[in-house]
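Engineer: First the structure, which I've put down as structure tokens, then a few questions once you've had a look.
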């Protein structure tokens, strides 16, 4: 970045991205998506499909709030799609109602 970017950044409430005129030298080219493959200058440094930073393990005593206990997921796994959809919609309605209550409390 050149020095004019800092002035541009301050003028835009510190929420600005550089324009091409602010870039004076390209140090590296980045491409990719965090959930797929990340490359710098064409060299892959991470591939989600071949590298796993840590193994996921089941906890022997999961919390009651574990998402695997959701009724809609259990019904889906059982193959009861209609009940699964109904339970999912009921859960979403409760979440929306809860969000409205939290919003009212903020005021």
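Derivation of every value follows stated rules applied to the coordinates shown; laboratory data play no part. In this text the structure is predicted, and so the values were computed from the model without any measurement. Neighbour counts are summed over all protein chains in view; Cβ atoms, including those assigned to glycine, are modelled from backbone coordinates with ideal geometry.
Engineer: Using the scaling law 2.2 N^0.38 Å as the reference, what is the normalised Cα Rg of the chain?
Structural biologist: Working: Rg = 23.8 Å, N = 107, 2.2 N^0.38 = 13.0 Å.
For the chain, the normalised Cα radius of gyration is 1.83.
Engineer: Hey, what did the chain get for relative contact order, percent, Cα under 8 Å, at least 6 apart?
Structural biologist: 11
Engineer: Helix 81-106: angle to the longest alpha-carbon principal axis of the chain, degrees 0 to 90, nearest 10?
Structural biologist: In the chain, helix 81-106 runs at an angle near 60 degrees to the longest axis.
Engineer: Another one. With label points built 7 Å along Cα→Cβ from the Cα atoms of residue 59 and residue 76, find their separation and express it in nm.
Structural biologist: Modelled inter-label distance: 2.1 nm.
Engineer: Given the Cα-Cα distance of residue 83 and residue 98 and 0.36 nm per residue of separation, how much length would full extension add, in nm?
Structural biologist: 3.1 nm
Engineer: Which FRET efficiency value, to the nearest 0.05, do you get for residue 4 and residue 29 by plugging their Cβ-Cβ distance into 1/(1 + (r/R0)^6) with R0 = 22 Å? Could the numbers behind the result be given before it?
Structural biologist: On the way: r = 23 Å, r/R0 = 1.04.
Efficiency for this residue pair is about 0.45.
Engineer: So what is the calculated 222 nm ellipticity per residue for the chain, using -39500 (n - 2.57) for each DSSP H run with n of 4 or more, over all residues, to the nearest 500 deg cm²/dmol?
Structural biologist: Details: 3 runs with 43 residues, N = 107.
Counting only the DSSP helices, I get -13000 deg cm²/dmol.
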